[in-house]
Amino acid sequence: MGYCQDDQLVNKICHLYEKISKLETLKPCEDVDTLFKQLVSTCIPPNPNIDVTKMSENIQEMRSNLIKICGEAEGYLEHHFSSILTSFEDNPLHHLNLFPYYNNYLKLSKLEFDLLKQNLNGSVPKTVAFIGSGPLPLTSVVLASSHLKDSIFHNFDIDPSANLVAARLVSSDPDLSQRMFFHTVDVMDVTESLKGFDVVFLAALVGMDKKEKVKVIEHLEKHMSPGALLMLRSAHGPRAFLYPIVEPCDLQGFQVLSVYHPTDEVINSIVISRKLGGEDVGNGVVHDHIDQASDLACNCSKIHVIMNKKKSIIEEFAGANEEQLT
């Protein structure tokens, strides 16, 4: 298709894209699992020379198609394992380790919680929204069960079948079934209720291209309470072939507090910001001003970038967990 350019890494991604785009199905099977494992292992190593936003139009087109394919495959994978988990007669949440990428979710959720804690000034969010929670809402489950044990979680997804299996997953847990709720709705139709959340998480694949992502962010800015925190997932370097990029300039009306670019097997970058306006108090959660926020440019070097300095622990995941498409 003429997508490739003279770069070994990009050529390899193009080659894998050609193979993936010819698959008869994206549902979990040997061929699908093998190709996506190869794709993710190719994109994971940090490469400061890769900037997808500066690549040719045909590469940009390929990347856009690949992100959509990855999103579809991820949905099938989560549906598959959520159905397996709900088949257990006891609490399905006791068997989450069966999901092959569970350890990656544990790490990502811990990173997000640490960033959240740094910007909450000792307060604990009473209500949390997760937009795009999907059929296997592992981020909400991990945060609610391990880090935010008193918070109420409202999960939003446009897919009724995703919410059906997700709700079934937590229904037998005596704690989470009382603190976790699921809403089948397009986030663009959610307005007044957004004011009730101290923290809003936006899944990486809600808004699969720049235009859609910015539209969702603008909607959240319009309806979230001043002072509430918005946690987004982005991508950096070659990992941007798997997920959309969120840049500081995309967050108009928000104060970007920090950006975290992992360099280990956790794929997504994390962007945390605060809704501007009012007295910076969102439902009891108080946030400090950062005076330079209004001057943020569309460049991560302009903001407080937290680089991951932990040693890679890929060995303990035996290769299997590298393939997480968060």
Exercise. Just to be sure, is residue 23 open to solvent by 20 Å² or more (accessible area, probe 1.4 Å), of a type in the set (A, V, I, L, M), over 30 Å from residue 168 (Cα atoms) and in contact with a Pro (Cβ under 8 Å, 6 or more places away or on another chain)?
Worked result: no
Problem set entry | Of the criteria (1) surrounded by fewer than 18 Cβ atoms within 10 Å (Cβ to Cβ); (2) part of a strand (DSSP E or B), which one residue 154 fails | (1)
Exercise. When the residues of the range 209-227 are filtered to those that are more than 18 Å from the chain's Cα centre (by Cα) and part of a loop (DSSP other than H, G, I, E, B), which remaining residue is nearest to residue 78 (Cα to Cα)?
Worked result: 224
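Quick check on residue 169: is it within 30 Å of residue 34 (Cα to Cα) and not charged (D, E, K, R)? Before you say what the answer is, go through the steps one by one.
Working: within 30 Å of residue 34 (Cα to Cα): yes; not charged (D, E, K, R): yes.
In short, yes.
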Seminar exercise, completed: Those residues of the range 267-302 which are more than 22 Å from residue 129 (Cβ to Cβ) and at pLDDT 50 or above amount to 267
Exercise. If residue 269 satisfies every condition in (1) polar (S, T, N, Q); (2) in contact with a helix residue (DSSP H, G or I) (Cβ under 9 Å, 6 or more places away or on another chain); (3) open to solvent by 10 Å² or more (accessible area, probe 1.4 Å) but one, which is the exception?
Worked result: (3)
For this session: Those residues that are in a loop (DSSP other than H, G, I, E, B), free of Cβ contacts under 8 Å to residues at least 40 places away in the same chain and within 18 Å of residue 71 (Cβ to Cβ), I need them from the range 160-208; list them, please.
Result: 186, 207
Problem set entry | Members of the range 158-180 found to be open to solvent by 60 Å² or more (accessible area, probe 1.4 Å), more than 14 Å from residue 130 (Cβ to Cβ) and among the aliphatic types (A, V, I, L, M), listed by number | 164
Exercise. Is there a residue in the range 86-103 that is closer than 25 Å to residue 73 by Cα, outside any helix (DSSP H, G or I) and among the β-branched types (Val, Ile, Thr)?
Worked result: no
Exercise. Quick one: how many residues across the range 181-201 are open to solvent by less than 10 Å² (accessible area, probe 1.4 Å) and in contact with a helix residue (DSSP H, G or I) (Cβ under 7 Å, 6 or more places away or on another chain)?
Worked result: 4
Exercise. Considering the range 19-54 alone, what residues qualify as being in contact (Cβ under 8 Å) with a residue 24 or more places away in the chain and among the hydrophobic types (A, V, I, L, M, F, W, C)?
Worked result: 20, 26, 32, 36, 39, 40, 43, 44, 50, 52
For this session: Considering every residue within the range 123-136, establish whether at least one is in a helix (DSSP H, G or I) and either small (Gly, Ala, Ser) or open to solvent by 40 Å² or more (accessible area, probe 1.4 Å) (or both).
Result: no
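The values are calculated or read from the model by the stated rules, or taken from the named source; none is laboratory data. Please read these numbers as outputs of a predicted model, since none were measured by experiment. Here Cβ is always computed from backbone atoms with ideal geometry, including for glycine, and neighbour counts include all displayed protein chains. Just so you know, the surface numbers come from the protein's heavy atoms only, side chains and all, with ligands and any DNA or RNA stripped out. Shrake-Rupley method; radii C 1.70, N 1.55, O 1.52, S 1.80 Å.
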